[in-house]
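The values are calculated or read from the model by the stated rules, or taken from the named source; none is laboratory data. Being a predicted model, the structure only gives us computed values, none of them experimental. A quick note on method: Cβ atoms are made from the backbone with ideal geometry, for glycine too, and the neighbour counts reach across all protein chains shown.
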Ligand SMILES: Nc1nc2c(ncn2[C@@H]2O[C@H](COP(=O)(O)OP(=O)(O)OP(=O)(O)O)[C@@H](O)[C@H]2O)c(=O)[nH]1
Ligand SMILES: [Mg+2]
């Protein structure tokens with residue numbers, strides 16, 4: 001709330017930088033503290049900080065700049081914590097702002113987080129003026145302002161500034177616009193209330209604000225996790241893949257400070273529908289999935305590192321089937337050994353899409369078509385690169401419009417033992433819904449005809465694989481025969 005502080009003879013306004021965890025809010029203010037030495041009052045403060053990289057209360061920097069109705073302006077620049085656990089503190093800080101800067105990462109994931117953040121904090125259409133900063137333009141998949149405006153449905157009145165806060169680009173443009181917004185708010189308040197005296201009050205200090213925030217939103221206690229060390233961005237070289245971008249992704253995944261173990265998913269599909277039992281530990285951390293299992297526990301760091309190198313090589317061979325932002329990371333537990341974790345975006349699998357789509361014919365058909373495309377991809381990998389995927393819909397997901405393989409098990413071999421069963425199982429499951437079966441077979445036919453060669457079919461032993469499967473649902477027989485004919489036509 002803009003006020004006139006008689007003691008300093010200035011109008012005091014507050015600009016608050018907010019946004020999801022790890023997007024670069026503190027980096028913005030730190031950069032300004034270094035570049036605006038002449039205009040700042042005192043150092044940048046981070047009260048209550050326990051020394052970690054994430055902000056727990058706020059960063060604070062006071063700078064001078066501009067005039068409002070002839071009175072000099074003094075601006076408090078603040079950041080909020082990004083971590084989900086500090087939501088109450090974040091809300092109070094946003095509430096106290098005259099103008100807001102929403103910092104987002106310019107990536108696809110940044111847009112998903114940004115949209116959720118806009119909604120959760122009602123920033124769209126808020127009475128507080130907003131500037132959006134698209135940070136980390138130096139990363140590979142950075143989007144431009146036009147695309148972001150469309151994706152976030154921001155109208156033209158909200159400025160979007162491209163930035164690389166780490167090297168200072170766009171930082172000053174952002175603060176200039178936000179301070180101008182805050183000055184307009186102050187001017188409007190002064191005119192509405194009848195002059196400077198009407199908004200006269202002592203300005204809040206950083207200490208006072210810290211006291212106000214202390215009782216709020218103690219970190220939400222993390223639920224008890226299995227006795228397995230979590231991945232960390234501090235892992236030494238050789239313990240993380242890809243080595244260049246991996247640390248940032250791990251940091252982002254853990255930035256929320258809350259991991260939830262998803263007992264409901266691990267092993268669930270195993271015994272129930274024949275895709276094998278599982279000893280997997282699955283954690284959800286914000287919009288990321290962290291996975292490990294007893295089979296990925298090694299007695300020495302070296303053995304775990306060998307497994308990481310092997311797994312990374314296989315992951316790379318997945319090509320387009322590898323989800324973006326996938327990381328392999330070792331986590332050591334002293335003498336108790338080392339665990340190999342996979343971190344990837346949290347995606348809904350084709351299996352869960354099929355289950356959710358039970359009453360929705362179009363959604364079910366869409367999931368089956370994607371599975372058919374994934375099956376053809378898997379056949380190509382098996383035939384041409386001897387890479388064996390576990391062909392079950394719970395192991396595939398949609399990453400945007402792309403089908404990806406989310407399981408860690410990738411085998412090497414000349415033939416794909418479960419191929420026939422994997423293809424026929426979907427027909428049997430949907431035998432009660434002829435439109436679904438037809439759409440699935442059409443999609444398989446298209447893929448097999450246009451993408452597989454006769455040599456692929458022969459190498460995979462596909463006709464034999466289909467003949468060998470025992471059909472358990474009599475009404476599926478005709479459709480299975482059609483699949484056999486499709487494959488037969490290629491040989
Ligand atoms: N590649 C790249 N990294 C950046 C950029 N800006 C900031 N970072 C890095 O992003 C990480 C997080 O930055 P912070 O400024 O601490 O992020 P924050 O939004 O304050 O994070 P919380 O306080 O946890 O919410 C740091 O490692 C920064 O160096 C940028 O423009 N490009
Ligand atoms: Mg911060």
Select from segment 5-21 the residues that are in contact with a strand residue (DSSP E or B) (Cβ under 8 Å, 6 or more places away or on another chain) and either more than 16 Å from residue 179 (Cα to Cα) or within 16 Å of ligand 2 (Cβ to nearest atom) (or both) and list them in ascending order.
-> 5, 6, 8, 9, 15, 16, 17, 18, 19, 20
Could you list all residues from segment 6-56 that are near ligand 1 (Cβ under 8 Å from one of its atoms) and at positive phi?
-> 19, 22, 24
Which numbered condition trips up residue 335, out of (1) farther than 26 Å from residue 459 by Cβ; (2) in contact with a helix residue (DSSP H, G or I) (Cβ under 6 Å, 6 or more places away or on another chain)?
-> (2)
Exactly one of (1) surrounded by 18 or more Cβ atoms within 10 Å (Cβ to Cβ); (2) touching a residue at least 60 places away in the same chain (Cβ under 8 Å) is unmet by residue 385. Its number?
-> (1)
All positions within segment 282-304 that are modelled with pLDDT of 90 or more and surrounded by fewer than 18 Cβ atoms within 10 Å (Cβ to Cβ) | 299, 300, 301, 302, 303
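Please go through segment 306-358 and pick out each residue that is part of a helix (DSSP H, G or I) and closer than 30 Å to residue 428 by Cα. Quick ask: steps written out before the conclusion?
Restricting attention to segment 306-358, the residues satisfying the condition of being part of a helix (DSSP H, G or I) are 306-317, 319-321, 334-336, 350-358.
Residues satisfying the conditions are 320, 321, 350, 351, 352, 353, 354, 355, 356, 357, 358.
Can you tell me which residue is farthest from residue 72 (Cα to Cα) among those in segment 22-45 that are away from ligand 2 (no atom under 14 Å from the Cβ) and outside any loop (DSSP other than H, G, I, E, B)? So that I can check it myself, show each step before the final result.
Filtering segment 22-45 down to residues away from ligand 2 (no atom under 14 Å from the Cβ) leaves 34-43.
So of that shortlist, the ones also outside any loop (DSSP other than H, G, I, E, B) come out as 34-35, 40-43.
Details: 34: 22, 35: 21, 40: 14, 41: 14, 42: 18, 43: 20 Å.
Looking at the filtered set, the residue picked out is 34.
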Is there a residue in segment 88-100 that is surrounded by fewer than 22 Cβ atoms within 10 Å (Cβ to Cβ) and over 22 Å from residue 185 (Cβ atoms)?
-> yes
Could you check residue 55 against (1) within 16 Å of residue 206 (Cα to Cα); (2) near ligand 2 (Cβ under 10 Å from one of its atoms); (3) surrounded by fewer than 15 Cβ atoms within 10 Å (Cβ to Cβ) and say which number it fails?
-> (3)
Any chance segment 416-432 includes a residue that's surrounded by fewer than 13 Cβ atoms within 10 Å (Cβ to Cβ) and outside any loop (DSSP other than H, G, I, E, B)?
-> no
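Quick one: would you say residue 56 is modelled with pLDDT of 90 or more and assigned to a loop (DSSP other than H, G, I, E, B)? First the steps, then the outcome.
Working: modelled with pLDDT of 90 or more: yes; assigned to a loop (DSSP other than H, G, I, E, B): yes.
Yes, satisfied.
Could you check segment 85-168 for helices (runs of 4 or more DSSP H) lying wholly inside it with 3 or more residues that are in the same structural domain as residue 189 (by TED's automatic domain parsing) and within 16 Å of ligand 1 (Cβ to nearest atom)? Steps first, answer last, please.
Values: elements: 87-95, 108-120, 145-152.
Hits in segment 85-168: 87-95, 108-120.
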Can you find even one residue in segment 176-190 that is within 16 Å of ligand 1 (Cβ to nearest atom) and either surrounded by 19 or more Cβ atoms within 10 Å (Cβ to Cβ) or in a strand (DSSP E or B) (or both)?
-> yes
Condition check for residue 59: in contact with a strand residue (DSSP E or B) (Cβ under 9 Å, 6 or more places away or on another chain), within 13 Å of ligand 1 (Cβ to nearest atom) and more than 27 Å from residue 155 (Cα to Cα) = yes
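Residue by residue, here is whether (1) at pLDDT below 90; (2) farther than 30 Å from residue 311 by Cα holds:
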site	(1), (2)
179	no, yes
186	no, yes
208	no, yes
216	yes, yes
228	yes, no
231	no, no
251	no, no
Among the residues of segment 62-84 satisfying the criterion of being outside any strand (DSSP E or B) and crowded, with 17+ Cβ neighbours inside 10 Å, which is farthest from ligand 1 (Cβ to nearest atom)?
-> 84
Among 378, 373, 397, 363, the single one that is buried (at least 21 other Cβ atoms within 10 Å of the Cβ) and in a helix (DSSP H, G or I) is 378
